[in-house]
Structure formats: structure tokens, C-alpha cells
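Written below as C-alpha cells is the structure these notes are about.
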Amino acid sequence: MTHDHDLVLRPTPAQTEAALNPPPGRTGGDLVIETLTGLGATTVFGLPGQHALGMFDALRRSSLRYVGLRVENNAGFAADAYGRITGEAAPLLLSTGPGALMSLAALQEAAAASAPVLAIGSQIPAAGLGGGRHGHLHELRDQQASFRDVVKSVHTVRTHSQIPSAIAAAWESALTAPHGPVWVEIPQDVLTAETVLPVVTAMDATPEDIAPRPELTALAAHLLSTAERPAIIAGGGVIRSDASGKLRALAEKLDAPVVTTFGGKGAFPWTHPLSLQSWLEDRHTTDFLEDADVLLVVGSGLGELSSNYHTFAPRGRVIQIEADAGKLESNHPALGIHADARLALQALLETAEDRTDATAPARVREVLDKVAARLAAQDLALEHRLVASVREALPPRAPSFWDMTILAYWAWSAFDARHPNTMHSAQGAGGLGYAYPAALGAAAADPTTPVLAVSGDGGAMYSIAELATAKQYGFDVTWLIVDDGGYGILREYMTDAYGEATGTDLARPDFVALAESFGVPAVRTTPDALTTDLAKSLATPGPSVVVLPALLRMFEPTHL
């Protein structure tokens, strides 16, 4: 009997000829680039370094597009955004030691946000591996140990023949739900040595979907269909699995109100009658969710931000659908369903019975009215106006990337993302400097739409060097910098907690003049002119900067 895989493994005459006569002058670096090409990569990010030059030299013999940033951490953020926008594994090429370690904060964000980043770093020569102190440039006792607790998987190569298999295994790991960053390291001498191996051809490293167990979805469907007050929390897993349409269909089938987490922005229509929007840092929303007799949590671990700082205490039955088995029931007892959100929602759609609740839209409206009344009592008109101005200026399908700054904290709750997978922030790991390099990665992923980055002046200083990158590649990214003279959110936190702030006020440059020195057009705006100036910058091809001097305040927390 002949099996299909027996046929697949037989080389064609052309493949045999190519294998017998590989092109001369190829190195281990070529095997890296050929493997990436064979896996379907089209764009790589990174920064060259002495040990990694074998990979970078091979790039010029390939069809891959290289996007080079000025700081390794920023290159990691760009790859993160490319992975979020495309759903593909984003290759990130790095050098040994300092170059590799500079990427760790970006890889932590990718891990927290489930962004598929395939980081490939060089290593000291193979003879030096094993922990001995040989004095090689960039030497670490155990480089991969620095990555092991950050990424999903670590893969070490010692010979040419190991390169294709290691990269394919890493690729599959990065794209297995939940997506995430992975680390591959290859010694310098392996990358630079000539190889006699054949050219790497197409490779299949497609991960298998995580399907839900049918007895669990049958029980979940029954609980939801017979609930008196069902509600849904939709997290980032809904976005990553492209399940927004199925989420809406299920919510309408059950007449169940939906709130999206900050990572799930855009997963459910903002103005839908069943939409509680994203007001998770509000006690009125928390109370409503606690009152649900059946709560469906899809693609969220109900972490700190999604649980109103762990004050959320559900009283009803919780059903949790999560691709990351480690997050199942990690914060609340639940009917845990380990599955891809899209497949689980489809199973619920096919199994749940129609449920009608004419009171649901009115109950949703009551919660949103209470939230609005609470905010209206706090004299926050400027902040409301700025969020609205950004929304008005930004084209509906244009992606936006937000740094850890007060306007972004507002946007988590108050910004209408309009469409799935269009609003992203660094709230997974919470590091500064994400927005601008991530926006450059998004522009590389989809050049058909402008991209917006929003930073404070403190966070902007992490990424100033990437203005040169934006200019070099002509990326259509508008950078809105809200200049309040320091780390504004930390200033507010410290003042509230200790009476005054320490270390939060910053000297900063003239951002307009600085941007123009890179050849990037820039304008200083005001709250009244923000919509016009921002819309004009977004409509003008190429990079641009809009600077808004403003001192913003956060709304009062409800979890204290």
C-alpha cells in the first residue's frame, strides 16, 4: 500500500540535480536565510553585529526584505507588531551578547501579548560553548538561559545540518496557539563556514489547531443557553484567532452583553446594543460582570488589568476558553476549555440554543450611563476631547500603537478601535518605548494604510533613533508625542501615593526641531487643532511627527 507521505518524500529529477550541484560559496548563514524563505517569510527585522554577519551577508543573496532598526529592542518591537498585524512569524536577526540581551524587553512584550516573533541570534564559536570562560567577544556563560524564562522555546544549533530543523521547530512553536516569541542561537563559526549541503527548499512547519473537547463545549453551551444573566469577556485571543465575527454571532444568539479587555479592543463593535465597551477599570462594569450567573471568558486570563486590579470576584459560573493552558483557572475557578478561541466559539455557535432577553440592551445602557456620570463628575473634559480628536483624525482601518502614557491609559478604556486588530499597546509587559518602533513594523506589514504611534515625551526618548529608520524606509507613520515634561503617569501615581513625585520630571528636546533634523516633517499642535493637524499628517505619505504639549490627568481608580 502506498501512503501519501511516501510520495511527498520522493525528490523530483530537478530537486535531485539541485541537491547534487548546490551553488558554490554558500555558508551557514545561507542555510538560515534559505530556511526562512522556505517557511514563507518575506520580511526580516534586526541589527547586524560581528558574530551575526554570516546571516546578514546571506540576505543579499535572497529575496527577503530586510528592515534594520537602530536599537535591538526597537527591532524586537517592530517584529512584534509585524507578527500581530500579519499573524505570521516575524524573523528577528540579532548578534551575540549585548545585541541579544538588548532585545529581551521586546521579547517579554511579545510573550505577554502572544505575538509570534522568531528571534535568531548568533553565538560565540561552537568550541567555546559549555560555560567555560574563554574570553570570546560578547561571551556569556549561558546565553540561552537569559531567554529561557522569556520566550516559548529555545533552540541551539551546533552544526549546519541542524539549522533547517531547528528554525522550522522554532517557527512552529511561535505559531502554535498561543503565539509567542522563540529563540534560536547559532555559533559564529557555523554561520560563516562554507556548506556543501543542498539549498533548503519549501518546508512545512504548520502548527495544528487546538480544538475544544466536545463534552466541554456541550456543557458550556447548555449553561449559556439556560442562563438568566449571561455575559461575555472577550480578550486578545479573539483577535489573534480572527474570531470577532463568531463572537458577535454568539453574543447575538444569546443576547449576552460583551466587554472587551484592553488586549481585545475591536473584538466586538463599540456601538453595538450589547457592547459594554472596554470600561474594565470601573466598578460599575465590575459589578455588572460579578452579577452574571454565567460568565463566558474568551481568550483572556483575567489578569491584573482585565480584573480591575484583581478586585473582580465573580459570583456565577465561569466558562473560560483559553489557548494557553497555563492561564486556565489561574485566577478564578471555571469550566476551563483549552482551545483556540475561533474553534471553541464555532462549537458553541453550533450547539447553543437561541436565547432572547429584551432587557439586555437597557442593562448595558444603564452601566454605560453610570460610567459616563462618574467620569463627568471629575472635570476631565480635556482628556475626553483628546481621545475623541484622535479617533476623528484616524482612518477607520488604520492601525494605532500606544506607549505607556496617560493618553494610552485613557484609550484602553475609552477609544473605539472600530475594527479588530487595529489598536495595540504595550500593556502586556508594560515597558516604555513600544509605540513608535511597533508602528514602523506595522507599516512594513501593510503599506496600504497610514499608521499612528502615540507616546509621551518620556517614552518617545526611547525611540528617537528610529526617526532615522522611518526616514530611510519612507514608512507612512505619524508619531503623536504628548509632551508633559516627564513620566506623567508615574508622576501622578507617586503624587497620589506619597504626596510628591521623585525622578519623574525630565529635560527634553524640541521634538519638532529634532524630527526636522532627521528630515521628518513635524508640527506643534494644540488640543483645539489636534484633529486637523493629526488628520493632515496621516493623509501625507511618509513619516511625520505631531507634538502636543499637554498635562493630562487619569480618571480616579475604582479598585482602591
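Worth a mention:
- Tail beyond 12 Å, pair distance distribution of the stretch 360-399 (Cα, percent): 68
- The radius of gyration of the Cα set in the stretch 474-556, together with its Dmax, comes out at 15.1, 46 angstrom.
- Stretching Arg397 away from Lys471 to a fully extended chain increases their span by 24.3 nm, per 0.36 nm per residue minus the current alpha-carbon distance.
- Axis of helix 244-254 versus longest Cα principal axis of the chain: the two differ by about 30°, to the nearest ten degrees.
- Sequentially through the stretch 209-219, phi angles give Karplus couplings (6.51, -1.76, 1.60; θ = phi - 60°) of 5, 9, 8, x, 6, x, 5, 6, 5, 5, 5 Hz, Gly and Pro residues having no value and appearing as x.
- Per the Debye formula on identical point scatterers at the alpha carbon atoms of the stretch 50-156, with no solvent, log10 I(q)/I(0) at q = 0.10, 0.23 Å⁻¹ is -0.28, -1.32.
- Calculation over all alpha carbon pairs of the stretch 167-215 in 5 angstrom steps from 0 returns a P(r) of 5, 15, 16, 18, 17, 12, 8, 4, 2, 2, 1 percent.
- Entry note, the stretch 36-156: relative contact order of 25 percent, from Cα contacts under 8 Å with a spacing of 6+ residues.
- Label zone (Val199, point 7 Å along Cα-to-C-beta; backbone nitrogen cut-off 11 Å) within the stretch 32-59: 34.
- Between Asn21 and Tyr66, the FRET efficiency estimated from the beta carbon spacing at R0 = 25 angstrom works out to 0.35.
- The chain, accessible surface, carbon-and-sulfur percent (1.4 angstrom probe): 53
- Dividing the convex hull volume of the alpha-carbon atoms in the chain by its residue count gives 170 Å³ per residue.
- With helices as the sole contributors, the chain gives -11500 deg cm²/dmol at 222 nm; each DSSP H run of n ≥ 4 counts as -39500 (n - 2.57), and the sum is divided by every residue.
- On the beta carbon distance between Glu350 and Arg374, with R0 = 51 Å, the FRET formula returns roughly 0.80.
- Its Cα gyration tensor gives the stretch 226-362 an equivalent ellipsoid. The semi-axes, each the square root of 5 times an eigenvalue, are 18, 18, 15 Å from largest down.
- Thr156 versus Thr502: modelled label distance in nm, points set 7 Å from Cα along the beta carbon direction: 4.2
- Pair Asp142, Tyr309: separation of 7 Å Cα→Cβ label points (nm): 3.8
- Of the GluC sites (Glu not before Pro) in the stretch 209-272, the ones in a loop by DSSP (not H, G, I, E or B) with at most 12 other beta carbons within 10 Å are Glu228.
- Cα gyration tensor, the stretch 109-178 - rounded (a/c under 1.5), prolate or oblate: oblate
- In degrees, nearest ten, helix 488-498 long axis to first principal axis of the chain (Cα): 60
- Axis of helix 104-113 versus longest Cα principal axis of the chain: the two differ by about 50°, to the nearest ten degrees.
- Here the contact order of the chain, divided by its residue count and restricted to Cα pairs under 8 Å and six or more residues apart, works out to 13 percent.
- Accessible area per residue for the stretch 240-387 is 39 Å², calculated with a 1.4 Å probe on protein heavy atoms, without ligands, DNA or RNA.
- Label-point gap, in nm, between Asp528 and Thr206 - each point 7 angstrom along Cα→Cβ: 5.9
The values are calculated or read from the model by the stated rules, or taken from the named source; none is laboratory data. Just so we're clear, the structure is a prediction, and the values are computed from it rather than from any experiment. Cβ coordinates were reconstructed from backbone atoms using ideal geometry, including for glycine residues, and neighbour counts include every protein chain displayed. When the accessible area is computed, the model is the full protein with side chains, heavy atoms only, and any ligands, DNA or RNA have been set aside. Shrake-Rupley method; radii C 1.70, N 1.55, O 1.52, S 1.80 Å.
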